[in-house]
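The values are calculated or read from the model by the stated rules, or taken from the named source; none is laboratory data. Only a predicted model underlies this, so the values are computations on that prediction, with no experimental measurement involved. Cβ sites come from the backbone with ideal geometry, for glycine too, and all protein chains shown count toward neighbours. Heads up: the accessible areas ignore ligands, DNA and RNA and are worked out on the full protein's heavy atoms, side chains in. Shrake-Rupley method; radii C 1.70, N 1.55, O 1.52, S 1.80 Å.
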Amino acid sequence: MDESVLKGNTAILKCHIPSFVSDYVFVISWLQDDGHEILADGGPYDSKYLVLPSGELHIRDVGPEDGYKSYQCRTKHRLTGETRLSATKGRLVITEPISSTVPKVSSKSKYDVIEYSERSTLSLLCPAQGFPAPNFR
């Protein structure tokens, strides 16, 4: 699915997995239309692209060039080992800010209590957009 984002902010693409298989399927990578593959278990956290344990693809500091690419997620079935590429491609719809905009958190976001065990990976999301791009700490 297409995702709207303000230039300079972080875009979040989600892989839509049907609920009847969501317990058995997980995202292993994202594929750009130019053939570049972004692996879920690879890449430094400070790179432009990051695949979170949830399978979401984060694209930092979005620029006009990112609007020309399309993205597909590749999933793997935990039991059968079968991999599949999503049938549809998502694109970024990039908006050029006209004036200062206070940071806004996406209405699609949800806030939950997070529990995790010691020495495990934890990802906290703050899907805010604004202009200038918000800082996080």
Item to check | Only listed residue being at pLDDT 90 or above and under 24 Å from PRO132 (Cβ atoms), chosen from ASP33, ASP61, ASP23 | outcome: ASP61
Checklist outcome for this item: Residue hits (segment 38-69; of a type in the set (D, E, K, R) and surrounded by 13 or more Cβ atoms within 10 Å (Cβ to Cβ)) are LYS48, GLU56, ARG60, ASP66, LYS69
Next on the checklist: Taking the criterion of being among the polar types (S, T, N, Q) and touching a Leu at 6+ places or on another chain (Cβ under 6 Å), would at least one residue in segment 61-82 satisfy it?
Outcome noted: yes
Next on the checklist: Suppose we keep only residues that are open to solvent by 50 Å² or more (accessible area, probe 1.4 Å) and either charged (D, E, K, R) or closer than 30 Å to ILE98 by Cα (or both) within segment 4-16. Which one would you say is farthest from the chain's Cα centre (by Cα)?
Outcome noted: LYS7
Next on the checklist: So, ASP41, is that one without any contact (Cβ under 8 Å) to a residue 24 or more places away in the chain, charged (D, E, K, R) and not in a strand (DSSP E or B) or not?
Outcome noted: yes
Checklist entry - Do the conditions hold for ASP34, that is, is it out of contact with any Cys (no Cβ under 9 Å at 6 or more places or on another chain), open to solvent by 40 Å² or more (accessible area, probe 1.4 Å), charged (D, E, K, R) and in contact (Cβ under 8 Å) with a residue 12 or more places away in the chain? => result yes
Next on the checklist: Scan segment 57-72 and tell me whether some residue there is outside any loop (DSSP other than H, G, I, E, B), aromatic (Phe, Trp, Tyr), touching a strand residue (DSSP E or B) at 6+ places or on another chain (Cβ under 7 Å) and touching a residue at least 24 places away in the same chain (Cβ under 8 Å).
Outcome noted: yes
Checklist outcome for this item: Checked SER47, SER19 against criteria (in a loop (DSSP other than H, G, I, E, B) and within 14 Å of the chain's Cα centre (by Cα)); the one match is SER47
Checklist entry - Is at least one residue of segment 78-93 small (Gly, Ala, Ser), in contact with a Phe, Trp or Tyr (Cβ under 7 Å, 6 or more places away or on another chain), open to solvent by 30 Å² or more (accessible area, probe 1.4 Å) and more than 20 Å from PHE131 (Cβ to Cβ)? => result no
Item to check | Criterion (of a type in the set (Ser, Thr, Tyr) and modelled with pLDDT of 95 or more) met by exactly one of THR88, THR75, THR95 | outcome: THR75
